[in-house]
Amino acid sequence: MSSSEATGRPASASAGTERPGSVQLDQVTHQYGRGRETVTAVGPIDLSVPPGEFLVLVGASGCGKSTLLRLIAGFEQPTHGSVRVSGSAPRPGHTAGVVFQQPRLFPWRTVQGNIDLALRYAGVDRDQWPRHRAELLARVGLEGTERRRVWEISGGQQQRVAIARALAAENPLFLLDEPFAALDALTRERLQEDLRRVTDQTGRTTVFVTHSADEAVFLASRIVVLTKGPGTVALDLRSTLPRGDVDPEELRNSSEFAEARARIAHAVKAVAA
């Protein structure tokens, strides 16, 4: 992995900050409360994410990772500074597909019903739903599950549906907030592999939040380590690990992977104290 000290604006800032899928944070700070009760959750942060990058935000609990993701999604507004996605202020529900730690599916709907609702909100013509639905379910490995109810599928399968639903809109940005944290280790690894493949295929800009150095190194083309709250950028690392058609086990067992994982884990511990 190559690295750059993320003080000031990262080297990627020149990479088309108004292109579809680009993310630009300029001197962003976010605070909660007022007066003496004011708590700064994150910032100040300068961060540029070029289109197609898979950025992983990693750090200890309370460092502001999820807050940063909500600011990029437009769910919250920064107290100071500006956030721009594809050159404009983010709009909730329009700027990005978002996946949370819990799948947040509609339990009274089938898998098909959940996907179709997302396609409807995305403005896809109804006669195109069957084709788009089939493509989305194939991408996440859930062919043949259309008629099953949410409670009839496993937690891992529910999260796959949530990912498919988030991909339904043709947003160039994909945001994920610890989506695999509640899953068992084997399911988590399989979904990491699926997500890596899907994002490589679609070319969408992806911002992923995790506590796990292992997960960060496996998924990312770039990793940003945040300091203890208020979160600021402690380390900005660009991965040199191969992408595309790579054997996941070979990648996880490689010395390069082990070195990168150790480096990230050490950085997280060093700034969390």
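The values are calculated or read from the model by the stated rules, or taken from the named source; none is laboratory data. Here the structure is a predicted model, which is why all the values come from computation and not from measurement. Here the Cβ is made from the backbone with ideal geometry for all residues, glycine too, and neighbour counts use every protein chain on show. The protein model used for the area step is the full one, side chains on, heavy atoms only, and it has no ligands, DNA or RNA in it. Shrake-Rupley method; radii C 1.70, N 1.55, O 1.52, S 1.80 Å.
Among the chymotrypsin sites (Phe, Trp or Tyr not before Pro) in segment 83-122, those placed in a DSSP loop whose Cβ has at most 11 other Cβ atoms within 10 Å are TRP108. Exposed loop sites are taken as GluC sites (Glu not before Pro) in a DSSP loop (any state but H, G, I, E or B) with at most 14 other beta carbon atoms within 10 Å; the longest stretch of the chain without one runs 19-142. Protein heavy-atom accessible surface, 1.4 Å probe, per residue over segment 144-273: 43 Å². The calculated FRET efficiency for the pair ARG190 and ASP125, based on their C-beta separation and a Förster distance of 35 Å, comes to about 0.60. When a 1.4 Å probe is rolled over the protein heavy atoms, the share of accessible surface on the chain that falls to carbon and sulfur comes to 48 percent. Using only side-chain charges placed at the Cβ, +1 for Lys and Arg and -1 for Asp and Glu, the dipole size of the chain relative to its Cα centre rounds to 720 debye. Full extension of the segment from GLU256 to GLU18, taken as 0.36 nm per residue of separation minus the current Cα-Cα distance, would add 82.3 nm. Here is how the number arises for the chain: DSSP H runs of 4 or more residues each give -39500 (n - 2.57), the sum is divided by the residue count, and the result at 222 nm is -10500 deg cm²/dmol. When the trypsin sites (Lys or Arg not before Pro) in segment 68-111 are filtered for DSSP coil states and for at most 15 other beta-carbon atoms within 10 Å of their beta-carbon, the remaining sites are ARG104, ARG109.
Lys/Arg Cβ at +1, Asp/Glu Cβ at -1, dipole of the chain taken about the Cα centre: which of ALA258, THR202, SER66 is farthest positive-ward? Final value for the positive-end residue is SER66.
Per residue, the average separation of C-alpha pairs within less than 8 Å and at least 6 apart gives the chain a relative contact order of 27 percent. Heavy-atom accessible surface of LEU183, to the nearest 10 Å², is about 40 Å², with a 1.4 Å probe and all protein chains retained. Within the shell defined by Cβ-Cβ distances under 14 Å, the residues around LEU137 carry a net charge of +2, with Lys and Arg each +1 and Asp and Glu each -1. Relative contact order of segment 107-199, taken over Cα pairs closer than 8 Å and 6 or more residues apart, is 35 percent. When the trypsin sites (Lys or Arg not before Pro) in segment 135-197 are filtered for DSSP coil states and for at most 16 other beta-carbon atoms within 10 Å of their beta-carbon, the remaining sites are ARG147, ARG148.
For the pair ARG104 and GLN27, label points projected 7 Å from Cα toward Cβ lie 3.2 nm apart. Hydropathy at least -0.5 by Kyte-Doolittle, axial extent at least 24 angstrom from the Cα trace: which helices of the chain, defined as entire DSSP H runs, fit? Going by DSSP H runs, the hits are 255-272.
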